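Reviewing the structure listed below.
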Amino acid sequence: MIEFAPELKADSVLQERLSSLANVTVIKNAQTTEITGTDKVNGISYKERATEEIHHIELEGVFVQIGLVPNTEWLADTVERTRMGEIVVDKHGATNIPGVFAAGDCTDSTYKQIIISMGSGATAALGAFDYLIRN
């Protein structure tokens with residue numbers, strides 16, 4: 001696991017569980033610089049932020065996770081949000097305000113993955129299109 005920050009920010013229970021795994025190495029204060037491979041992933045390069053030293057790790061795949069807290073505070077009370085700040089949407093991507101749609105990881109979707117966000121973007125776009133032609 002490569003963490004950009006100097007320290008992990010997850011709950012201590014999760015950090016303890018992670019450190020107990022023999023097959024996981026945590027690298028902190030590192031900036032990913034490159035994912036390598038031609039037809040498939042074969043490695044990742046990162047720079048130690050303190051020393052600027054570059055390292056490369058051979059591997060067969062990567063899983064990118066940027067963060068868990070949605071950047072929705074700018075909405076204030078304009079649309080309904082969960083206690084975690086996720087925008088509440090229905091199965092069409094509609095919010096509680098007629099004509100306002102949302103998609104992606106900022107919504108209350110069950111899974112936060114790129115492919116899920118892409119699908120929810122298509123759903124919200126079709127929902128907005130349907131809303132516009134009916135109103």
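Looking at the range 101-119 only, could you name the residues that are over 16 Å from PRO70 (Cβ atoms) and either among the hydrophobic types (A, V, I, L, M, F, W, C) or touching a residue at least 24 places away in the same chain (Cβ under 8 Å) (or both)?
Those that are over 16 Å from PRO70 (Cβ atoms) and either among the hydrophobic types (A, V, I, L, M, F, W, C) or touching a residue at least 24 places away in the same chain (Cβ under 8 Å) (or both): ILE115, MET118.
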Next item on the list: Considering only the range 9-42, state which residues are more than 22 Å from GLY67 (Cα to Cα) and in contact with a Ser or Thr (Cβ under 6 Å, 6 or more places away or on another chain).
Entry: ASN42
Notebook entry, point to check: Considering only residues of the range 75-103 that are loosely packed, with under 10 Cβ neighbours inside 10 Å and at pLDDT 95 or above, which is farthest from LEU8 (Cα to Cα)?
Noted result: PRO98
Next item on the list: Could you give me the residue pairs with C-beta distances under 6 Å whose first residue belongs to the range 2-14 and is modelled with pLDDT of 90 or more, whose second residue is assigned to a loop (DSSP other than H, G, I, E, B) and surrounded by 12 or more Cβ atoms within 10 Å (Cβ to Cβ) wherever it lies, and which are 6+ apart or on separate chains?
Entry: GLU3/LYS28; PRO6/LYS28; PRO6/ASN29
Notebook entry, point to check: Among THR36, THR123, THR32, THR78, which is more than 30 Å from GLU3 (Cβ to Cβ), outside any loop (DSSP other than H, G, I, E, B) and of a type in the set (Ser, Thr, Tyr)?
Noted result: THR123
Check: Name the residues in the range 66-75 that are among the aliphatic types (A, V, I, L, M) and assigned to a loop (DSSP other than H, G, I, E, B), would you?
Finding: ILE66, LEU68, VAL69
Notebook entry, point to check: Which of the residues belonging to the range 39-54 are assigned to a strand (DSSP E or B) and either touching a Lys or Arg at 6+ places or on another chain (Cβ under 6 Å) or under 14 Å from GLU3 (Cβ atoms) (or both)?
Noted result: ILE44, TYR46, LYS47, GLU48, ILE54
Item checked: Failed condition for LYS112, given (1) part of a loop (DSSP other than H, G, I, E, B); (2) surrounded by fewer than 16 Cβ atoms within 10 Å (Cβ to Cβ); (3) not aromatic (Phe, Trp, Tyr) -> (2)
Notebook entry, point to check: If PHE63 satisfies every condition in (1) assigned to a loop (DSSP other than H, G, I, E, B); (2) touching a residue at least 12 places away in the same chain (Cβ under 8 Å); (3) among the hydrophobic types (A, V, I, L, M, F, W, C) but one, which is the exception?
Noted result: (2)
Checklist line | Residue satisfying all of: in the range 81-109; in contact with a Pro (Cβ under 9 Å, 6 or more places away or on another chain) and in a strand (DSSP E or B); farthest from GLY121 (Cα to Cα) among these | finding: ARG81
Checklist line | Residue list for the range 96-131, filter: touching a helix residue (DSSP H, G or I) at 6+ places or on another chain (Cβ under 6 Å) and not small (Gly, Ala, Ser) | finding: PHE101, ASP105
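The values are calculated or read from the model by the stated rules, or taken from the named source; none is laboratory data. Note that the structure is predicted; figures quoted are calculated from it, not measured. Backbone-built Cβ (ideal geometry, glycine too); neighbour counts: all protein chains shown.
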